[in-house]
Amino acid sequence: MAQGWPAVLTDGPVRLRPLRRRDGAAWLALRAMNTTWLEPWDATSPVPVDGPRPSFGSFVRMLSAQARSGVSLPFALDHEGELVGQVTVSSITYGSLRSASIGYWLSHHVAGRGIMPTAVALTIDHCFVALGLHRVEINIRPENGPSLRVVDKLGLRDEGVRERFLHIQGQWCDHRTFALTAEEVPEGVLHRYRARHPAPPMP
């Protein structure tokens, strides 16, 4: 099995785990409910894709194959036992680079509760500790306020704009790149996030 996979990462009500075929109904309902919320940021193909869309089962098999080969870690994101989004580590590279990219999406109905910063912090810590990576990056459209707040809360460095970086909804779109290296967070990203943003006291 690939390094660092399968894995289950938890912090309180936030849980990251492999996506399963039995998540199909919940995942499809969640994406349908969030079409307007997510579509402006979803990557698209710059060339026409022929044929029907793959089934959810095929989608899960593809993600599982990528995870087994060590090029990706496709996490389902649960909050209080409910599927609410995904976090994916992609472009995992070893050798002299030891780097990866992280992408994520979250349902609108649970946004703003600190779920995604916690999930991304767990993921980065896993990349640094379990995978032994040196650097992670997150690429975000400059207009995507909710995602920008995630990297701001976690203290990732803004490395500037990559022009026409990714194809989204019919056009090549600029993205800002945010990054972090293992040396910057010897105590771990989640620990630093909790120190800077302590949970409010229980009523």
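Values computed for the structure shown
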{"item": "Test: residue in the stretch 141-152 that is among the hydroxyl-bearing types (Ser, Thr, Tyr), in contact with a helix residue (DSSP H, G or I) (Cβ under 7 Å, 6 or more places away or on another chain) and closer than 22 Å to LEU73 by Cβ", "result": "no"}
{"item": "Single unsatisfied condition, TRP172 versus (1) touching a Leu at 6+ places or on another chain (Cβ under 8 Å); (2) buried (at least 19 other Cβ atoms within 10 Å of the Cβ)", "result": "(2)"}
{"item": "Selection within the stretch 153-169 - open to solvent by 50 Å² or more (accessible area, probe 1.4 Å) and either in contact with a Pro (Cβ under 9 Å, 6 or more places away or on another chain) or closer than 21 Å to LEU16 by Cα (or both)", "result": "LYS153, VAL161, GLN169"}
{"item": "Tally, over the stretch 9-30, of residues that are assigned to a helix (DSSP H, G or I) and in contact with a Leu (Cβ under 7 Å, 6 or more places away or on another chain)", "result": "4"}
{"item": "Cβ pairs under 9 Å, 6+ apart, first in the stretch 174-191 and of a type in the set (Ser, Thr, Tyr), second in a loop (DSSP other than H, G, I, E, B) and open to solvent by 30 Å² or more (accessible area, probe 1.4 Å)", "result": "THR181/HIS134"}
{"item": "Some residue of the stretch 123-132 being in contact with a helix residue (DSSP H, G or I) (Cβ under 8 Å, 6 or more places away or on another chain), more than 19 Å from ARG194 (Cβ to Cβ) and in contact (Cβ under 8 Å) with a residue 24 or more places away in the chain", "result": "no"}
{"item": "One residue from GLY114, GLY155, GLY145, GLY103 being of a type in the set (Gly, Ala, Ser) and in contact (Cβ under 8 Å) with a residue 60 or more places away in the chain", "result": "GLY114"}
{"item": "Residue match in the stretch 140-149 (condition: in contact with a Ser or Thr (Cβ under 7 Å, 6 or more places away or on another chain) and assigned to a strand (DSSP E or B))", "result": "yes"}
{"item": "Subset of the stretch 32-74 that is open to solvent by 80 Å² or more (accessible area, probe 1.4 Å) and in a loop (DSSP other than H, G, I, E, B) - its residue that is modelled with the highest pLDDT", "result": "VAL47"}
{"item": "Subset of the stretch 75-101 [open to solvent by 10 Å² or more (accessible area, probe 1.4 Å), of a type in the set (A, V, I, L, M, F, W, C), in a strand (DSSP E or B) and farther than 16 Å from VAL60 by Cβ]", "result": "ILE92"}
{"item": "Answer residue from the stretch 127-138, given it is crowded, with 21+ Cβ neighbours inside 10 Å and within 14 Å of the chain's Cα centre (by Cα) and is nearest to ARG149 (Cα to Cα) among those", "result": "ILE138"}
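The values are calculated or read from the model by the stated rules, or taken from the named source; none is laboratory data. The structure presented is a predicted model; accordingly, all values stated were derived computationally and were not measured. All Cβ positions, glycine included, derive from the backbone under ideal geometry; neighbour counts span all protein chains shown. The accessibility values were calculated without ligands, DNA or RNA, using every heavy atom of the protein model including side chains. Shrake-Rupley method; radii C 1.70, N 1.55, O 1.52, S 1.80 Å.
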